[in-house]
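The values are calculated or read from the model by the stated rules, or taken from the named source; none is laboratory data. Remember, it's a predicted structure, so these values are computed and weren't measured experimentally. Here the Cβ positions follow ideal geometry from the backbone for every residue, glycine too, while neighbour counts run over all protein chains shown. Heavy atoms of the whole protein, side chains included, go into the accessibility calculation; ligands, DNA and RNA do not. Shrake-Rupley method; radii C 1.70, N 1.55, O 1.52, S 1.80 Å.
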Amino acid sequence: LRLALLRLCRALHVTELACRVCTVGQRCLVVEAQLQLDEAASYLCGAKWGACRFPVPFGRLELPEEAAIHELDSRTGASLKFTLLNRKGRVWTLIAGGGASVVYTDTICEYGFAKELANYGEYSGDPPEDFVYEYAKIILGVMTSSPEPHGKILLIGGGVANFTDVASTFKGLVRALKQFGPALKACGTSVWVRRGGPNYSEGLALMKHACEDIGVPAQVYGSEAHLTAIVRDALVAQPGMAKPLSELPPLVVKLPKAAAVERSAAGGGGGGAGGVVTFDADTQAIVYGLQTKAVQRMLDFDTLCGRKTPSVAAIINPTGEATFEKFMFGSSDVLVPIYTRLADAVERHGKTAHVLINFASFRSVYDATLEALQFSDVIRTHAIIAEGVPEALTRRLHQEAAKRGVGIIGPATVGGMMPGRFRIGNAGGAVENLLLAKLYRPGSVGYTTKSGGMSNELNNIVALNTDGVREGIAIGGDRWPGVRFIDVLLRFEKDPSIKMMVLLGEVGGREEFLVADAIADGRITKPVVAWCCGTAAEAFDYDVQFGHAGARARGGDETATSKNLTLRQAGAHVPRSFDEYGDLIAKVYQALVDGGVIVPPASEPLAPTLPTDFDELRKKGLVRKRANFVSSISDDRGAEPTYAGVPISEIAADDELGVGGTIALLWFRRRLPRYVSKFIELCVIICADHGPCVSGAHNTIVAARAGKDLVSSLISGLATIGPRFGGALDDAAQMFAAALDQGLSPEAFVEQCKREKKVIMGIGHKVKSLDNPDRRVVLVKEYAKSHFSATPLLDFAVAVELITTKKRANLILNVDGAIAVCFVDLLRGCGAFTRTEADELVESGVLNGIFVSSRTLGLVGHFLDQKRLKQPLYRHPADDVTYLLD
């Protein structure tokens, strides 16, 4: 039975199983079972699970507002999360970053406001301004729906952003704040803002001015303030609110013993712990996946650190072709080779590249890593960036890596920072962050965390309170990380350059207990400042799943509070709240300075400079450049594409628009009356095809039968459109309109064309006559007479027709002419255009546009028809050619 259950768990990716069995005779039966499936494995065995619904993070069905944000989240590659905890709560949050959202929630609860906390959520991944606006609008709508006599508190917080343009996302928040300004003021709202990262100063200024405009008090903080400073200041700002934490008690910092220092020196700089290599200024990596931005960021970090050689030796693009990609290394160009096979890159660069930074997707990273482990004698360290790797596959990778002595950082890691030496992928964020946290030169502190976003904040916290970071590794937020906290800290213990350690853990898992054991038994002797996030989970009376896959307590001893207590008892320095985290780090650092363990530099070296890309300068408004293109009809930069400012979803939902209305938006940049749109659609239907014998269809058919593709065949047909085929629409419109505008009578117009030996465009048909009318012409004329306010040009053309048919019966107003004159009447008479605009549209070729657009439908049909009928190569018969050889 156990073997059968084991096989079942493996087949269905069951991560936890509890069952009750009984025996009936010789049979053993499972009478009750509870199991937990790995949601990340749904792409592997979702069909086997059937109609299985996974619980939401806070253990209940979605509310309408939560569902609205869930739908918004599904339309962007960024992350938008929202859980409504207390609709009438006083404390509301708009937090950037998953890790930061947990820290803010913890701190609010630690100050005694758990019952007043209204929501939990986050926005991250650099969402577009429009999405941020929609996100904030929903939350502010709920917030302002009920009054609060004591006033409400809105915390707009976040860590130091990696790459998110803070000013851009804040513009979305500002739009929402201004929209709800009166309502926020009526609720007695006070706004508290803290943010860092790219363009954060501009973003804070925008926020402050917006709150001043709507008359709401606001306090704004940058990265110079501790992450949760706004919580402390907001909740203790008024009498009757929270009580401030008392001063930190005096610290007793045990200085590292001499034996430990000697052991560190003998350890050779930290290599080997967990199989991770020692990173130095010569370390090189192979990047798996065509991640050009990440590679450029690594090379920019190399420049800041003064490296002589790029840290990226090669790129693997398994779905592309072998080539080179150009990057900037300082102010010079360098070519980085791209291979399709990892084996080729290892053969060429294996002497120097011993790190693999793996950006493969969660679906393909397992196979890619197994392949890479075959080169374990060369590639000694892997960093797996992908999130959502099934737990069973992750554990198999770790087991295989352990056999080969290879270290794996991740999955779900942002990487790591080795100031002055090496950067793993996108760790550390934008250049502004690297300079702010002084990551271009090493300090004395080693840190580790699970959260990628919070690793950037840790860079900032360590820089504010110590001489800086020596090494920082984010082990990843999944339940089964490769390199664990204990591996990283033992690595730091062996590194003589690291004098103190900083640990940021979280609820769930047992990694922190291993660290506590190592501190207690003396394997770790250097001071450790530790904090485990997720203490707020204990404020809820239901199971809480925070952002990371591993951030859920599966037992009473996996809570954040239990971990913090155990670490404190083991000898780690643990604050009472994350709000004290930075202060405690500063006190431990100062104790080491006072004890002579750390000798701060006499002076801070000048910060290095990095040539700034033109796009970055333009974004900041420091340079300008004339655009090569100008477009006024569509925009794809926002939450969804727009045609003439109208979102596509609105166009699709509007029955009055249709295809004709869409053409009107794109061609004329305005909504036109429904009868105009219907006339455009009528023209498209009428002109879509005219049989296989006309020149356009003929050419398309010949090309299709020659084996050409759709686009080539279509081009062949469209190339025949001109004065003799289809192009008569524009000429007919201009000829008839010019005659009418000049005041010529129909007779005078016909006589003038005869005298000037001009063919009257739009007049004449091969077989049709007044007695045998073209049904298409009849449809166009009837629609115009029934729906247009006036048809002066159509009337003029009909009068011309009466004259020309007296000469020959088939000199009728044909379909090209009918559409042409009616379209001019439409443009001039619908009230949407001035006379000048209408004439310019005709001169620009709008009528040929109608013909080309509609005839494309028919030509595609002829192409598909020939392919469906499997017609052979066409050769024109010789008896249909007159050979003039003499």
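Side notes on the structure shown:
- Residue match in segment 254-265 (condition: in a loop (DSSP other than H, G, I, E, B), open to solvent by 30 Å² or more (accessible area, probe 1.4 Å) and modelled with pLDDT of 90 or more): no
- Residue check, Glu39 within 30 Å of Ile95 (Cβ to Cβ) and at pLDDT 85 or above: yes
- Qualifying positions in segment 610-626 - open to solvent by 80 Å² or more (accessible area, probe 1.4 Å) and out of contact with any Asp or Glu (no Cβ under 9 Å at 6 or more places or on another chain): Asp613, Phe614, Asp615, Arg618, Arg624, Lys625, Arg626
- Residues located in segment 412-426, provided they are on the phi > 0 side of the Ramachandran plot and assigned to a strand (DSSP E or B): Gly415
- Qualifying positions in segment 657-673 - open to solvent by 60 Å² or more (accessible area, probe 1.4 Å), in contact with a helix residue (DSSP H, G or I) (Cβ under 8 Å, 6 or more places away or on another chain) and not hydrophobic (A, V, I, L, M, F, W, C): Arg670, Arg671
- Residue match in segment 386-399 (condition: under 19 Å from Thr309 (Cα atoms) and of a type outside the set (S, T, N, Q)): no
- Those residues of segment 674-700 which are among the aliphatic types (A, V, I, L, M), touching a helix residue (DSSP H, G or I) at 6+ places or on another chain (Cβ under 7 Å) and closer than 27 Å to Pro723 by Cβ, in sequence order: Ile680, Leu682, Val684, Ile686, Ala688, Ala697
- Positions within segment 627-656 being open to solvent by 80 Å² or more (accessible area, probe 1.4 Å), part of a loop (DSSP other than H, G, I, E, B) and charged (D, E, K, R), in sequence order: Asp636, Arg637, Asp655, Glu656
- In segment 795-816, the residues that are part of a helix (DSSP H, G or I), surrounded by 13 or more Cβ atoms within 10 Å (Cβ to Cβ) and not hydrophobic (A, V, I, L, M, F, W, C): Asp795, Glu801, Thr804, Thr805, Asp816
- Boolean, Arg576 is farther than 20 Å from Thr449 by Cβ, modelled with pLDDT under 95 and charged (D, E, K, R): no
- Matching residues, segment 702-722, being touching a residue at least 24 places away in the same chain (Cβ under 8 Å) and either surrounded by fewer than 20 Cβ atoms within 10 Å (Cβ to Cβ) or in a loop (DSSP other than H, G, I, E, B) (or both): Val702, Arg705, Ala706, Gly707, Leu710, Leu718, Thr720, Ile721
- When the criteria are applied in full, Pro442 meets the requirement of being out of contact with any Leu (no Cβ under 8 Å at 6 or more places or on another chain), open to solvent by 10 Å² or more (accessible area, probe 1.4 Å) and not polar (S, T, N, Q).
- The helices (runs of 4 or more DSSP H) found entirely in segment 427-540 that carry 2 or more residues being of a type outside the set (Phe, Trp, Tyr) and under 29 Å from the mean Cα position of the chain (by Cα) are 431-436, 452-465.
- Within segment 765-794, tally of residues that are more than 26 Å from Gln742 (Cα to Cα), loosely packed, with under 14 Cβ neighbours inside 10 Å and touching a Ser or Thr at 6+ places or on another chain (Cβ under 8 Å): 1
- Filter result for Asp865 (open to solvent by 20 Å² or more (accessible area, probe 1.4 Å), assigned to a helix (DSSP H, G or I), acidic (Asp, Glu) and closer than 30 Å to Ile701 by Cβ): yes
- Residues that are open to solvent by 100 Å² or more (accessible area, probe 1.4 Å) and not in a loop (DSSP other than H, G, I, E, B) were ranked within segment 868-879; the one that is nearest to Ala703 (Cα to Cα) is Arg868.
- Residue match in segment 339-356 (condition: within 30 Å of Ser79 (Cα to Cα) and either in contact (Cβ under 8 Å) with a residue 60 or more places away in the chain or surrounded by fewer than 19 Cβ atoms within 10 Å (Cβ to Cβ) (or both)): yes
- Within the span defined as segment 202-212, one or more residues are of a type in the set (A, V, I, L, M, F, W, C) and either over 24 Å from Asn456 (Cα atoms) or modelled with pLDDT under 95 (or both).
- When restricted to residues that are open to solvent by 10 Å² or more (accessible area, probe 1.4 Å), closer than 18 Å to Gly443 by Cα, of a type outside the set (Asp, Glu) and more than 39 Å from the chain's Cα centre (by Cα), segment 564-599 contains 8.
- Residues in segment 675-693 that are open to solvent by 30 Å² or more (accessible area, probe 1.4 Å) and closer than 19 Å to Leu847 by Cα: Tyr675, Lys678, Glu681, Leu682, Ile685, Asp689, His690.
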